[in-house]
There are 2 protein chains.
Amino acid sequence: MSTQPHDHIVRSYDEESQRLSGELLRMGRMAAAQLEAALDVVDRRDDAAAARIVANDEAIDALEAEVSHDVMKLALRGPLARDLRGILAALRIAADIERIGDYAANMAKRSTALNTAPPLPHTRGLNALGQLVLRQLREVLDAYAADDADAAQRVRDSDAEVDTFYTGLFRELLTYMMEDARAITPCTHLLFMAKNLERIGDHATNIAENVWFLVHGADALPPREKRDTTSVPG
Amino acid sequence: MSTQPHDHIVRSYDEESQRLSGELLRMGRMAAAQLEAALDVVDRRDDAAAARIVANDEAIDALEAEVSHDVMKLALRGPLARDLRGILAALRIAADIERIGDYAANMAKRSTALNTAPPLPHTRGLNALGQLVLRQLREVLDAYAADDADAAQRVRDSDAEVDTFYTGLFRELLTYMMEDARAITPCTHLLFMAKNLERIGDHATNIAENVWFLVHGADALPPREKRDTTSVPG
């Protein structure tokens, strides 16, 4: 909150662009930390920690607004094609990270609802799915930091694993709900939490596609796959 | 698919910008039509029509790619601040519409799973929620077409109504599942379909915020509200 005496000095395009990447990575790491914390509070059944995660989400939203603002400023400088790709990708990646943060906060919020019922064995499966997705998120942020399209591509490929895991957990939860009506409300929360994780995986994939786009340009961008195999869970 | 002999002629910035808005509206109206059709196939239990909706989603995705491409081209011309707002808003709105299309297609897909079980009375509530959301979507597209920030603001305000309706439907479905274990699988689909509609409402709100941003600039953009009151459904 201190006033910066040199704020009016015009920075070079490269400096501003670096600052933008830095903000984006900071935002991404905050979202990853939020996800990790959310998975942790589900395990520990810690309502106070869950409330902190929900409150922290505002910081990610504020960073997204900052990124959008910086993108505006950079675009007004009339960037070259490669630079423009970078700032357009930044805008999209920021939106994906913002959604990831929302999903992590929503998981934390749902965990407090879950804590009003006795513990369920399925939180272990949820945690395993969460760790898988968290690894994806961290790897795609590293790929962005390193401008590494191949690493991004590997993250994208690993999304099938997330979907398979999610579908298995989904069916398990449905079976459990049929066996015990008292489990329906908590299991519904777990269903939505699992869906949140699957969606975070999709957003990690989006980020991976934007890293690819950043490095290779629009024409090489592979088509986006459709997911959500639970629509018809057999 | 015919080759346009005059495609190489450089169009004016305004012409290109108008083309962009036109594409976006076309994309939005396709998504609205997809949503309307999805609500309809749920009612009529029409698997063949549902499959067509799923297939149609590709056209919306293709339009999003086109919009992104046009945004790139426009940004490279070094636009003025007001114009830049327009193209950044277009990029965000295109992403929102693309997601709305995905949700509509997902509803259609889930409807075919629903059709393997006997009809449920709750599809009526789902349809009512869907009509509410469809009205929001159409109104926000009109607000975008007319550059009408006040109309956009009204759409944003109406989102509370959607959330209240959604929460009611959510609780009703949970109660029903507890009463009849055979209803659990179809009701889970209805839960996710209701969630899809609530999310479409959120995206309509995002579009409304972008219309506001387009007209009034970044500073006047009101903070985004957090939604999803079902996390703790009482």
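Things worth noting here:
- When each of the peptides B:128-137, B:153-162 is scored by the mean number of other C-beta atoms lying within 10 Å of its residues, the order from highest to lowest reads B:128-137, B:153-162.
- Total lysine pairs whose alpha carbons fall under 20 Å of each other in the protein assembly as shown (8 or more apart, or interchain): 12
- Inter-copy label distances at B:A49, using a point 7 Å along Cα-to-Cβ, come to 5.0 nm with the shortest given first.
- The stretch B:121-184 and the stretch A:33-100 have Cα centres lying 27 Å from one another.
- Helical content of chain A, expressed as a calculated mean residue ellipticity at 222 nm, amounts to -27500 deg cm²/dmol (DSSP H runs of 4 or more residues, -39,500 (n - 2.57) each, divided by residue number, nearest 500).
- Take every pair of alpha-carbon atoms less than 8 Å apart whose residues are at least six positions apart; their mean separation over the length of chain A yields a relative contact order of 25 percent.
- A simple count of charges around A:P118, restricted to other residues whose Cβ falls under 12 Å of its Cβ and scoring Lys, Arg +1 and Asp, Glu -1, yields +1.
- Distances between equivalent label points of B:A160 across the copies, with each point positioned 7 Å along Cα→Cβ, amount to 4.8 nm, shortest listed first.
- Teacher prompt: B:R77 distances to equivalent labels in other copies, 7 Å Cα→Cβ, nm: 2.3
- Whole-number D in µm²/s for chain A (Stokes-Einstein; Kirkwood sum over Cα pairs; 25 °C, 0.890 mPa s): 130 µm²/s
- Of all chain A C-beta atoms, the nearest to the rotation axis linking A with B is recorded, alongside its rounded Å distance, as A:G78, 2.
- For A:G130, net neighbour charge (Lys/Arg +1, Asp/Glu -1) across residues whose Cβ lies under 14 Å away: +2
- Taken as entire DSSP H runs, the helices of chain B never both span 18 Å or more between Cα atoms along their own long axis and average 1.0 or more on the Kyte-Doolittle scale.
Every number here is computed from the coordinates shown, using simple stated rules; none is lab data. A quick note: this is a predicted structure, and the numbers were derived from the prediction, not measured. We place every Cβ from the backbone using ideal geometry, glycine too, and count neighbours over all the protein chains shown.
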